[in-house]
Amino acid sequence: MVNKIPSAYIAATDAMVPREVRHQAIAGYMVHSSGRLVTKAKFAAGRVTAPDAKLYALHAAIIRMTQFGDCNMIVIFTDHIVATKRAVDPSVHSGQGHSLAVCVELSKWFSGDPERSIEFVQVPSKLLEVCDVSAPS
């Protein structure tokens, strides 16, 4: 299994947009490696759409995982596969700044070792409740 590979980092990303417009969206991620929680974060994403908040969560998780010196494999679980496609698409679109940051960081990360890989896995929203981005930190 991938959680037994020491150089593999596995993340779950999620975001929540409140029903009331006076509140900001929340984005977050949890990163595991070798079967243990390595880091987690949640943050205000502003008054954005759900896809943009999910893109922000992906951006933050990818940037964080590429900072681990021993990371050679990234696996990200998300319920919004369209956001993953946008994360690596530098063309003009809403949230393009996140995409450009991801593309720059991944370009540097991939150039460090030809064996590095990233994989996105779409899962039902219910499985991402473990991220619990709506709960206070």
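Mind putting a number on the dipole of the chain about its Cα centre? Charges go on the C-beta only, +1 for Lys and Arg and -1 for Asp and Glu, and I need it in Debye to the nearest 20. Don't jump to the answer; show the numbers that get you there.
Working: 14 positive and 12 negative charges, 54 e Å.
Dipole of the chain, to the nearest 20 debye: 260 debye.
Helix 50-66 versus the longest principal axis of the chain: what is the Cα-based angle in degrees, 0 to 90, to the nearest 10?
Once rounded, the angle reads 30 degrees.
Between Pro114, Pro90, Pro18, which gets the highest mean-square fluctuation from a Gaussian network model of the chain, Cα cutoff 10 Å?
For the chain, modelled as a Gaussian network with Cα springs under 10 Å, the answer is Pro114.
When the convex hull of the Cα atoms of the range 48-95 is projected onto a plane and the area is averaged over all directions, what value comes out in nm²?
Details: hull surface 14.4 nm².
Average projection, Cα convex hull of the range 48-95: 3.6 nm².
Gaussian network model of the chain, Cα springs within a sub-10 Å range: biggest mean-square fluctuation belongs to which of Phe68, Phe77, Phe120?
Ranking Phe68, Phe77, Phe120 by mean-square fluctuation puts Phe68 first.
Could you list which residues have their amide H under 5 Å from that of Arg47, counting only those 5 or more apart in sequence or on another chain, with H placed in the peptide plane?
Counting only residues 5 or more places away or on other chains, the set is Ala25.
For the chain, just list the percent of Cα-Cα distances falling in each 10 Å bin from zero outward, please.
Result, from short to long distances: 13, 45, 34, 8, 1 percent.
Can you spot the lysines whose alpha carbon is less than 16 Å from Lys126's alpha carbon? Ignore those fewer than 8 places along the same chain.
List returned: Lys54.
Sort 47-55, 98-106 for me by packing, meaning the mean count of neighbouring Cβ atoms within 10 Å per residue, highest on top. Let's see the in-between values first.
Numbers: 47-55: 20.7, 98-106: 17.7.
Highest mean packing first, the order is 47-55, 98-106.
Can you run phi through the Karplus equation (6.51, -1.76, 1.60; θ = phi - 60°) for the range 10-22 and list ³J(HN,Hα) in whole Hz, with x for Gly and Pro?
10, 10, 10, 10, 7, 8, 9, 10, x, 5, 7, 5, 6
Per DSSP helix of 4 or more residues, -39500 (n - 2.57); summed, then divided by the residues of the chain. What does that give at 222 nm, rounded to the nearest 500? Could you put the intermediate results ahead of the total?
Working: 3 runs with 40 residues, N = 137.
Computed ellipticity for the chain at 222 nm equals -9500 deg cm²/dmol.
Along the Cα→Cβ direction, 7 angstrom out, place labels at Gln96 and Val82. What is the inter-label distance in nm?
The two pseudo-label positions are separated by 1.9 nm.
Going by a ≥ b ≥ c, the root eigenvalues of the Cα gyration tensor, does the range 71-117 fall in the rounded group (a/c under 1.5), the prolate group (a/b larger than b/c) or the oblate group?
Working: a/c = 3.13, a/b = 1.42, b/c = 2.21.
Oblate shape, in that a/c is at least 1.5 and b/c is the bigger or equal ratio.
FYI, it's all coordinate maths here, none of it is from the lab. None of these values were measured; they are calculated from a predicted model. Counting neighbours? That spans all protein chains shown, and the Cβs are built from the backbone with ideal geometry, glycine included.
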